Amino acid sequence: MKKAVYWEQGPKGTILCRLCPHYCVIQPDAAGICRVRKNINGELISLNYSQVTSLALDPIEKKPLYHFYPGSQILSVGTKGCNLFCGFCQNWQISQADAKTYDITPQTLCDIVGEYSEKGKSIGVSYTYSEPSVWFEFVIESSRLINEKGFKNVMITNGHINEEPLNELLPYIDAMNVDIKSFSSGFYKKICKGQMEPVLQTLNIAKEAGCHVEVTNLIIPDLNDSEEETEELSKWIAKELDDTVPLHFSRYYPAYKFNRPPTPIATLKKASNIARNYLKYVYIGNIPGVEGSDTICYKCGNKVIKRAAFGVIDVDLKDSKCNHCNAPIHVLL
């Protein structure tokens, strides 16, 4: 445990947490919505500081990040807790439950990254699996150490964080994949118990700060799968961020409290076709064996990066340009 940041004293022993848009007013001996920030003796304490549920070496494509050092490996680390309540959560065992953890300090994590890096097995750390923003104290300390060593820091996040803590993190974060659950405020309020606008703000701020950003949208049948919503999301990314920002459409499978059928492949392909009217790089994920993970040159149609099973099998690029037509491909190599 560690004393948390971004909070202030309230009346009658309460604490106002300012980390995320919920602005939880936390009663004595109670925790906030995320379950991992608790009012103990008049101070806000991070219960999950240095508490790790998962630690694994993953392909960067698994995050998914397709335009950030494709073909590389990254050490992935996660904790318990989340500040949204998505009934379809794929990792609910750690985000919504009291998962088993073990201790790792920021310095130990940095040392592990160094060992993997020396063996050519990792470019840095990905804070992922659950929601890293509610792990703020650990992530900020770890990312500073890892940045000082010249390694990369990546966040896979729901983007539901306030501007001030986000701006403190961003100097140390090299890439983010932000999960836009839906391009509907009503969906966020009803299904996720959160807000959409702060998530869009996170993407704007991160892009403006020079952080590499990619977007994921899990498509759920009859909830956020309309052609109109897909078009609005794609148009927003192109206008507010850039038409070179990669968009990943992911297939929903029954999980946690949701038991509706998986997303039809035809729905994902249709969404991909719509998005390509506005964006240069669109992908389909979470469907083994189905095309949609290759990076295609927007000018000539050449497959400049071929992928299979979360890995790169061929790169047809020279100096981040298509070998066939010389068009610039917006990817960090």
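Every test in (1) of a type in the set (Val, Ile, Thr); (2) without any contact (Cβ under 8 Å) to a residue 24 or more places away in the chain; (3) over 17 Å from Val139 (Cβ atoms) is passed by Thr108 save one, and that test is (3).
Of all residues in the stretch 87-104, those that are in contact (Cβ under 8 Å) with a residue 60 or more places away in the chain have Cβ atoms under 6 Å from Cβ atoms of residues that are in a helix (DSSP H, G or I), 6 or more apart or on another chain, in Cys89/Ser95. What are the pairs, 6+ residues apart or on separate chains, where a residue within the stretch 7-25 that is under 16 Å from Gly81 (Cα atoms) has its Cβ under 7 Å from a residue that is part of a loop (DSSP other than H, G, I, E, B) and of a type in the set (A, V, I, L, M)? Listed by first residue and then by second, the contacts come to Leu19/Ile161; Cys20/Ile161; His22/Ile33; Cys24/Ile33. Residues in the stretch 211-232 that are more than 17 Å from the chain's Cα centre (by Cα) and either assigned to a loop (DSSP other than H, G, I, E, B) or surrounded by 16 or more Cβ atoms within 10 Å (Cβ to Cβ) (or both): Ile220, Pro221, Asp222, Leu223, Asn224, Asp225, Ser226, Glu229, Thr230, Glu231.
Considering only the stretch 63-160, give the helices (runs of 4 or more DSSP H) lying wholly within it that have at least 2 residues that are modelled with pLDDT of 95 or more and either within 27 Å of Arg35 (Cβ to Cβ) or open to solvent by 60 Å² or more (accessible area, probe 1.4 Å) (or both). Those helices (runs of 4 or more DSSP H) span 106-118, 136-148.
If you go through the stretch 159-198 and pick out every residue that is of a type in the set (Val, Ile, Thr) and either without any contact (Cβ under 8 Å) to a residue 12 or more places away in the chain or under 18 Å from Ala275 (Cβ atoms) (or both), you end up with 2.
Working carefully through the options Ile305, Ile274, Ile284, find the one that is of a type outside the set (Lys, Arg), part of a strand (DSSP E or B) and over 19 Å from the mean Cα position of the chain (by Cα).
Values: Ile274 fails: part of a strand (DSSP E or B); Ile284 fails: over 19 Å from the mean Cα position of the chain (by Cα).
Going through Ile305, Ile274, Ile284 in turn, the sole match is Ile305.
Of the residues making up the stretch 104-131, not one is closer than 21 Å to Thr79 by Cα and among the basic types (Lys, Arg).
Which pairs do you get when a residue that is touching a residue at least 60 places away in the same chain (Cβ under 8 Å) and closer than 16 Å to Val113 by Cα, found in the stretch 41-58, comes within reach of a residue that is assigned to a loop (DSSP other than H, G, I, E, B) and open to solvent by 30 Å² or more (accessible area, probe 1.4 Å), reach meaning Cβ atoms under 7 angstrom, with the pair 6+ apart or on two chains? Hits for this filter: Ser50/Thr105; Ser54/Tyr129; Leu57/Lys121. Would you confirm, using the coordinates I've provided, whether Asn204 is touching a residue at least 24 places away in the same chain (Cβ under 8 Å), loosely packed, with under 15 Cβ neighbours inside 10 Å and not charged (D, E, K, R)? So Asn204 passes the test. Count of the stretch 1-32 residues, restricted to those that are surrounded by fewer than 21 Cβ atoms within 10 Å (Cβ to Cβ), in contact with a helix residue (DSSP H, G or I) (Cβ under 9 Å, 6 or more places away or on another chain) and not in a strand (DSSP E or B), is 6.
Of everything in the stretch 39-62 that is within 13 Å of Gly13 (Cβ to Cβ) and buried (at least 19 other Cβ atoms within 10 Å of the Cβ), the residue that is nearest to the chain's Cα centre (by Cα) is Leu44. For beta carbons closer than 6 Å, sequence separation of 6+ or different chains, a first residue in the stretch 266-282 that is over 16 Å from Glu228 (Cβ atoms) and a second that is part of a helix (DSSP H, G or I) and at pLDDT 95 or above, the qualifying pairs are Leu279/Ser234; Leu279/Ala238; Val282/Ser272; Val282/Ala275.
The values are calculated or read from the model by the stated rules, or taken from the named source; none is laboratory data. Please read all numbers here as calculations on a predicted model, not as lab measurements. Because the Cβ atoms are built from the backbone with ideal geometry, glycine has one as well, and the counts that use them run over all protein chains shown. Side chains are part of the model used for accessible areas, which takes the heavy atoms of the whole protein and leaves out ligands, DNA and RNA. Shrake-Rupley method; radii C 1.70, N 1.55, O 1.52, S 1.80 Å.
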